[in-house]
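For reference, the structure discussed in these notes is given below.
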Amino acid sequence: MGLTTTIKHWRSSRKAGHELISFGADGLGALARDVGLSPDQLSRLTARGARAGEELRRLLDAVGLAPERIRRTHPDVMRDMSIVCSGCEAARRCQRDLDRGWVPVVQRYCPNTGTIKALQAERCRIVS
């Protein structure tokens, strides 16, 4: 990612954070309830920016799971995994490891690994 892109993402994240602050505590609480999150979760996810959680799609693709199919068949599971991924503290490490093709390494620390393995096992039972 180039410097210009990095600056654009940073500005976008700051703008979104300022917009949330402008809602005030009551408005933020109402918005968070509307999307099924706590105000703290919503603030953390917004701080990560629009690209937060894109590692999940890359990881699912790498292990042979189709994100759109999961979204269709298990929308709540996909939503929860997306929230977990978006709030993960290891996002940069995950990006680097996925860029290197180190999927087994990512699965050692990814908080979604258990769910991903369950989805893989389910897919194997369906195919069998």
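The values are calculated or read from the model by the stated rules, or taken from the named source; none is laboratory data. All of these numbers come straight from a predicted model, not from anything done at the bench. Don't worry about glycine lacking a Cβ; one is built from the backbone with ideal geometry, like all the others, and counts go over all protein chains shown.
Quick one: in segment 99-114, which of the residues that are within 14 Å of G64 (Cα to Cα) and surrounded by 13 or more Cβ atoms within 10 Å (Cβ to Cβ) is farthest from the chain's Cα centre (by Cα)?
Of segment 99-114, the ones within 14 Å of G64 (Cα to Cα) are 101, 103-104, 107, 113.
Pick out the ones that are also surrounded by 13 or more Cβ atoms within 10 Å (Cβ to Cβ) and you get 103, 107, 113.
Numbers: V103: 16, Q107: 15, T113: 13 Å.
In this case the residue turns out to be V103.
Regarding R48, is this residue basic (K, R), surrounded by 14 or more Cβ atoms within 10 Å (Cβ to Cβ) and either touching a helix residue (DSSP H, G or I) at 6+ places or on another chain (Cβ under 7 Å) or in contact (Cβ under 8 Å) with a residue 24 or more places away in the chain (or both)?
So R48 fits the description; yes.
Any idea which of I83, I116 is hydrophobic (A, V, I, L, M, F, W, C) and modelled with pLDDT of 95 or more?
Every option except I116 fails the conditions.
Before we move on, is V84 in contact (Cβ under 8 Å) with a residue 24 or more places away in the chain and either among the hydrophobic types (A, V, I, L, M, F, W, C) or touching a helix residue (DSSP H, G or I) at 6+ places or on another chain (Cβ under 8 Å) (or both)?
Judged against the criteria, V84 is a match.
Which residue out of S86, S82 is among the polar types (S, T, N, Q), closer than 15 Å to I116 by Cα, touching a Gly at 6+ places or on another chain (Cβ under 9 Å) and buried (at least 16 other Cβ atoms within 10 Å of the Cβ)?
S82
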